[in-house]
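Q: Dumping the structure here so I can ask a few things about it.
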Amino acid sequence: MDYRTFQLQRREDWEAFAAGLAAAGRARREALAFEDLERLAALHRRVISDYAYARARFPGTAATRRLRQLAFAGHRLLATRHRPLGPRVVRFLLRGFPETFRACGASIAVAAGAFLLMTATGFVLTALHEEFAYLFLGPSAIEGLRRGTLWTDSLTSVMPPELLSGRILTNNISVAIAAWAGGALWGTFSAWILCVNGLLLGSVLAITLRYGLLGNLLTFIAAHGPLELTLIVVSAGAGLELARGLIVADVRPRRAVLREHARRSVRLVLGVAPWLAVLGFVEGFVSPRDDIDTGAKAALGAVLLAAFLAWALSAAARDAGTEAEGEMP
């Protein structure tokens, strides 16, 4: 059969299948009648058969490309399971995120190591050269330290807790997204965010220690600091996981490798997002308050960190596969 005859004889089925796909796209698959699904499935089998024939006899032609598109579109409609959002969210929370967290353990460990190294570097540099702290705090903040006051002392007097909480939440989300998206630049921007935040933390610890205000700083960050730093590291780890898909060689096609690592990185960020909202509330309403005991703040910080780690490392995902089906996203 020549190319023209092939098109003339088979085009009617192709157009019928394309029309069926268009109609199905305007309604949920579950809403289609059984007869309509049967007809679509039969047409899909013919399209697959025609595609195999066209790929062998007429490679690179318009008909072959068209059949390939129809075959894959039909597979997405007929073979993909459509489940309600609620069960998918529950599955993600109970199994998807913990499994992904462990699968990305190497990337998260690298991020944690880099962050700790930069924190130590920032501490040592500031301890040796106080001027290094000016890169992060500025003259007014350091002048306040010399007078015995932290820049955090006036937070609630500058803006109400509700506004402060919203701004903190926005900032935390921005940092997390930037740390993750930086993986698209082969991990360079994710690494940069780790370095900057690590140097900042180390420098702040050293300069407050120099002026005898380290205890005040630790009191302020006790409720939110441990989890916040952990989430920054996990977000940067998500960026490094994305970078692995771009850099690491594999016997599989590059697109398949990138898709796998990208999905993992997105799941990590999705799992971090709700905790950032919790941190925004804690940092806006709890951390700045002087009437809350330091021990209570420290206990809250420990509970938040323990809850996150218990979830991320939970046994609920031990029996899950490396890629649980139907998870978000």
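Q: What residue, among those in segment 249-280 that are among the hydrophobic types (A, V, I, L, M, F, W, C) and more than 21 Å from the chain's Cα centre (by Cα), is nearest to Pro160 (Cα to Cα)?
A: Once the filter is applied, the top-ranked residue is Ala249.
Q: Does segment 173-187 contain at least one residue that is aromatic (Phe, Trp, Tyr) and under 25 Å from Phe123 (Cα atoms)?
A: No, every residue in segment 173-187 fails to be aromatic (Phe, Trp, Tyr) and under 25 Å from Phe123 (Cα atoms).
Q: Something else about it: If I ask for residues that are among the hydroxyl-bearing types (Ser, Thr, Tyr) and modelled with pLDDT of 90 or more, which ones from segment 136-186 would you list?
A: Passing the criteria: Thr149, Ser174.
Q: Over 21 Å from the mean Cα position of the chain (by Cα) and touching a residue at least 60 places away in the same chain (Cβ under 8 Å): is that true of Pro288 in this structure?
A: Answer is yes for this residue.
Q: Report whether or not Phe97 is of a type in the set (Phe, Trp, Tyr) and over 25 Å from Leu40 (Cα atoms).
A: Yes; evaluated as a whole, the condition is true for this residue.
Q: Ok, one more. Return the only residue of Ala206, Ala184 being buried (at least 18 other Cβ atoms within 10 Å of the Cβ), assigned by TED's automatic domain parsing to the domain that holds Leu231 and either touching a His at 6+ places or on another chain (Cβ under 7 Å) or of a type in the set (A, V, I, L, M, F, W, C) (or both).
A: On inspection, the qualifying residue turns out to be Ala206.
The values are calculated or read from the model by the stated rules, or taken from the named source; none is laboratory data. Since this is a predicted model, take the numbers as computed values, not measurements. Quick reminder, even Gly has a Cβ in these numbers, built from the backbone with ideal geometry, and neighbours come from all protein chains shown.
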